[in-house]
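Participant: The structure that follows is given in the form of structure tokens.
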Amino acid sequence: NVVIKAGTGKTNPEIPILPATGQLGPLSIDAVSTFNFASIEIGKKGIAQVPQGEVLGIQVTDTRGLGTGWNVMVKISEFQNLKKDRILKADVSIPAGKVASQKSDILNAPTATGIVLNEFDSAIFSAPKGKGMGTYTNSFEGNGEQVSITVPSDALLDSYSANLSWTLQDAPS
């Protein structure tokens, strides 16, 4: 006789995606990268810097044992300078990347989608009903693609930052 119950603890990153979120529970984003683009010339495309020994990506764990699916959404705020008197209209692209798992069935893996970030929630990593149970990572690099930013030719010189908002929905894609 076996009784299966939902997971309750935190899951550490399977690959070196940092920072870990420390989230607990049966459905969680365990780790998601921050992006640093360093210095980029006006009108050029820049690639996100990858700290040595790390991978840019996201890890999601679903140990609810229901097979109902889930959906990770992401959006970005405006890029603003420190004084908040300048806005940068740059395009940040996240490629579909590579989905993997060390312990879960890759045949039932969630789907990764490449996107250009904007102020609206966009699906980036999702599992339809019956998929995505276990722990899965999506490394945002692979097949020659990388997280990138395109700076327009009318940008003003300054240092800018924006916030990414990641939402894990308890709903299938």
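The values are calculated or read from the model by the stated rules, or taken from the named source; none is laboratory data. Note that the coordinates shown come from a computational prediction; the quantities given were computed from them, not determined experimentally. Virtual Cβ from ideal backbone geometry, glycine too; neighbours counted across all protein chains shown. Please note that ligands, DNA and RNA were not included when accessible areas were found on the heavy atoms of the full protein model with its side chains. Shrake-Rupley method; radii C 1.70, N 1.55, O 1.52, S 1.80 Å.
Participant: Taking the condition of being out of contact with any Lys or Arg (no Cβ under 8 Å at 6 or more places or on another chain) and open to solvent by 70 Å² or more (accessible area, probe 1.4 Å), how many residues in segment 155-168 meet it?
Facilitator: Selection size over segment 155-168: 4.
Participant: Can I ask one more? For segment 27-53, how many residues are surrounded by 16 or more Cβ atoms within 10 Å (Cβ to Cβ) and of a type outside the set (Val, Ile, Thr)?
Facilitator: So the count comes out to 9.
Participant: Can you give me the ranges of the strands (runs of 3 or more DSSP E) entirely in segment 75-159 with at least 2 residues that are over 30 Å from LEU24 (Cα atoms)?
Facilitator: The qualifying strands (runs of 3 or more DSSP E) are 79-81, 148-150.
Participant: Restricting attention to segment 129-143, and to residues there that are open to solvent by 50 Å² or more (accessible area, probe 1.4 Å) and in contact with a Pro (Cβ under 9 Å, 6 or more places away or on another chain), which single residue is nearest to LEU56 (Cα to Cα)?
Facilitator: The qualifying residue nearest to LEU56 (Cα to Cα) is GLU141.
Participant: To continue, here is another question. Just one of (1) at pLDDT 95 or above; (2) over 12 Å from the mean Cα position of the chain (by Cα) trips up ILE29, so point out which.
Facilitator: Condition (2) is where ILE29 drops out.
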